[in-house]
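The values are calculated or read from the model by the stated rules, or taken from the named source; none is laboratory data. Fair warning: this is a prediction, and the values are worked out from it, not measured in the lab. Here the Cβ is made from the backbone with ideal geometry for all residues, glycine too, and neighbour counts use every protein chain on show.
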Amino acid sequence: MRAVEVNLFVPCSVNHFFPKTGFNTIRLLEHLGCKVHFKENQKCCGLPFLNRGAFDDAMEFGVKFLEENSASVNYTVIPSGACLNMVRNNYKLFFDSSSHRNDYKNARKKTFELSEFIVNVLKVESLKGANFSARAVYHDSCTALNFCQIKDAPRTLLKCINGLELLNFKESSCCGFGANFSLCSSKASENILAKKVEEALVMNADYIISTDYSCLSHYAEYINKIRKPLKVIHLADILAESLLIAQ
């Protein structure tokens, strides 16, 4: 059977601060039979510029993304709900009525977050040999859940891991990051975050798992501040570690 070819688009946070997650995403996709392409000169999707109102810069990065991902190979996979939302939904602001309209529509159809790609495109229903002994609570990032409807796919994969006791927050609510919200309303942001962390601690969770490093970094900073034995881990990393293919 011919391998499914994918472009891997790595979020800026992964590229600059958590490169291990990028490598683990590659190893995971290859383990599942994909041929992975990675363009070393790839740029930002433009989301940070959109968040601060720099629309021309955001559009420039968007054009670069479309040039690299609208026509080549079968799919583009992103280990991030935030970047996926930028491509799938926010690019419409720039390109739906532009000369890049067809490229945008093509890229929108073939671009997926990692877990939804594995479950909905590759149709993976089990992970043979996956083991990871821990109690972990899954956090839905706002962009993944509310704008991309990614909820079941990550949980489907995590339930395939032997030894992992998967927990859920009472509500799939924001961690308090909210892009500029955590900067402009830091006290309110920390209050929201403190409640989420306390709930995880009450459940005796060992890990908080998510698709997005914006949320995970927000959690990690506060957990380090209060010095609690709770860790954060990206979905790609725990899947790779459970299969003994992690970097």
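Mind checking whether some residue in the stretch 214-230 is buried (at least 20 other Cβ atoms within 10 Å of the Cβ), of a type in the set (Ser, Thr, Tyr) and within 30 Å of LEU32 (Cβ to Cβ)? Checking the stretch 214-230: at least one residue is buried (at least 20 other Cβ atoms within 10 Å of the Cβ), of a type in the set (Ser, Thr, Tyr) and within 30 Å of LEU32 (Cβ to Cβ).
Scanning the stretch 1-39 for residues that are assigned to a helix (DSSP H, G or I), out of contact with any helix residue (DSSP H, G or I) (no Cβ under 9 Å at 6 or more places or on another chain) and more than 24 Å from ILE161 (Cα to Cα) turns up just one, HIS16. Among the residues of the stretch 1-28, those identified as within 23 Å of LEU216 (Cα to Cα), hydrophobic (A, V, I, L, M, F, W, C) and free of Cβ contacts under 8 Å to residues at least 60 places away in the same chain are CYS12, ILE26.
GLU68: assigned to a helix (DSSP H, G or I) and modelled with pLDDT under 90, yes or no? So GLU68 passes the test. Looking only at residues in the stretch 82-124 that are crowded, with 21+ Cβ neighbours inside 10 Å and among the hydroxyl-bearing types (Ser, Thr, Tyr), the one that is farthest from the chain's Cα centre (by Cα) is TYR104. Pairing each residue of the stretch 186-199 that is free of Cβ contacts under 8 Å to residues at least 12 places away in the same chain with any residue that is outside any helix (DSSP H, G or I) and of a type outside the set (Asp, Glu), provided the two are 6+ apart or on different chains, yields C-beta distances under 9 Å for LYS195/SER173; LYS195/GLY176. Of all residues in the stretch 80-104, which are assigned to a loop (DSSP other than H, G, I, E, B) and either among the charged types (D, E, K, R) or not assigned by TED's automatic domain parsing to the domain that holds ARG52 (or both)? Hit for the stretch 80-104 is ASP96, nothing else. If you go through the stretch 84-141 and keep only what is closer than 23 Å to SER210 by Cβ and among the polar types (S, T, N, Q), you end up with ASN85, ASN89, ASN90, THR111, SER115, ASN120, SER126, ASN131, SER133, SER141. For SER210, indicate whether it is modelled with pLDDT under 95 and either of a type in the set (Gly, Ala, Ser) or touching a strand residue (DSSP E or B) at 6+ places or on another chain (Cβ under 9 Å) (or both). No.
Among the residues of the stretch 65-77, at least one is of a type in the set (Asp, Glu), closer than 23 Å to CYS148 by Cα and assigned by TED's automatic domain parsing to the domain that holds ARG108.
Within the stretch 49-85, being of a type in the set (Lys, Arg) and out of contact with any Cys (no Cβ under 9 Å at 6 or more places or on another chain) holds for one residue alone: ARG52.
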